[in-house]
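Encoded as structure tokens, the structure appears first; notes follow it.
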Amino acid sequence: MKITTKTEALNIIETSYLASLSSLLWVALYYLPIGGALLRLILPLPMILLHLRRGTKIALEGLLIQFLLLFIIMGPVRGTLFLFPYGILAFWLGWCWFKEKSWKLSLAVGVFIGTLGFLLRVVALSTLVGDNLWVLITRASYGLIEKFIGLFNLPLYPSILSIQFGAILLIIFQEIVYVLTVHVVAYSLFPRFKLTIPDPPRLLSSLVDFKN
């Protein structure tokens with residue numbers, strides 16, 4: 001392929017570097033025993049940055065390059081897991097901010113993507129390790145429900161349905177915190193790269209007011 005313009009060269013260079021950086025972060029998140037929370041937080045940012053700088057077509061190419069890199073390095077299962085939800089979430093947030101959509105839309109769909117991706121990862125990892133990892137989540141849900149009942153001395157005993165429902169709520173709450181934190185970090189960081197994302201809704205404006 002012959003490169004004829006500076007824009008084409010920058011598209012290739014930025015796509016390669018940011019896709020490689022995002023892949024490296026995923027490998028580090030998967031294998032390193034420390035820094036998982038920080039790595040999860042910054043993992044979508046390189047591909048979002050690519051989307052905002054180069055547009056949707058280039059972002060799709062970057063996502064494909066990242067998938068191919070991780071597929072080769074980590075294998076078909078571990079390499080594909082980055083898509084659920086981090087790769088898809090990064091593309092969604094990049095598209096929303098590139099099109100200047102509101103936080104309400106990007107947050108709502110982002111939490112849905114994160115929740116669905118979490119459940120898909122539980123299924124995939126359970127198959128990979130040969131154990132039902134959902135049991136760990138339901139145990140955590142049962143522990144919280146039991147503490148809540150004991151705190152208020154309620155004459156109740158948690159049913160299987162309430163435990164499963166509590167587990168789903170735990171996952172949703174986790175994804176709300178995660179996606180909202182990614183929004184806040186991007187809102188504070190991206191102006192340094194001369195990129196902007198839409199302003200937060202009035203309810204959240206005080207939380208992310210970095211100008212005062």
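Taken together, the values in this text are just the output of simple stated rules run on the coordinates, not laboratory data. This one's a predicted model, so the numbers in the text were calculated from it and none came from an experiment. Methodologically, a virtual Cβ is constructed for each residue, glycine included, from the backbone with ideal geometry; neighbour enumeration extends over all protein chains shown.
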Item checked: Subset of the range 155-171 [surrounded by fewer than 14 Cβ atoms within 10 Å (Cβ to Cβ) and either aromatic (F, W, Y) or closer than 25 Å to D199 by Cβ (or both)] -> Y157
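Quickly run through the range 68-87 and pick out the residues that are closer than 20 Å to L52 by Cα and in contact with a Gly (Cβ under 7 Å, 6 or more places away or on another chain).
Passing the criteria: only P85.
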Checklist line | Residue in the range 120-154 that is surrounded by the most Cβ atoms within 10 Å (Cβ to Cβ), counting only those that are touching a residue at least 24 places away in the same chain (Cβ under 8 Å) and aromatic (F, W, Y) | finding: Y142
Next item on the list: Go through the range 47-92 residue by residue and tally those that are under 14 Å from S16 (Cβ atoms) and in contact (Cβ under 8 Å) with a residue 40 or more places away in the chain.
Entry: 12
Next item on the list: Could you please tell me which pairs satisfy a Cβ distance under 7 Å, a separation of 6+ or placement on different chains, a first residue in the range 17-43 that is in contact (Cβ under 8 Å) with a residue 60 or more places away in the chain, and a second residue that is β-branched (V, I, T)?
Entry: L41/T181; L41/V182; L41/V185
Next item on the list: Could you please find all residues in the range 21-37 being closer than 22 Å to W97 by Cα and surrounded by fewer than 20 Cβ atoms within 10 Å (Cβ to Cβ)?
Entry: L21
Next item on the list: Only residues in the range 168-194 that are within 25 Å of L116 (Cβ to Cβ) count as the first member; pair them with residues that are among the polar types (S, T, N, Q) and surrounded by 15 or more Cβ atoms within 10 Å (Cβ to Cβ), Cβ under 6 angstrom, at least 6 apart or cross-chain, and list the lot.
Entry: L170/S141; I171/T115; I172/T115; E175/T115
Next item on the list: Considering each residue of the range 86-119, count those that are surrounded by fewer than 22 Cβ atoms within 10 Å (Cβ to Cβ), aliphatic (A, V, I, L, M) and under 17 Å from D199 (Cα atoms), and give that number.
Entry: 3
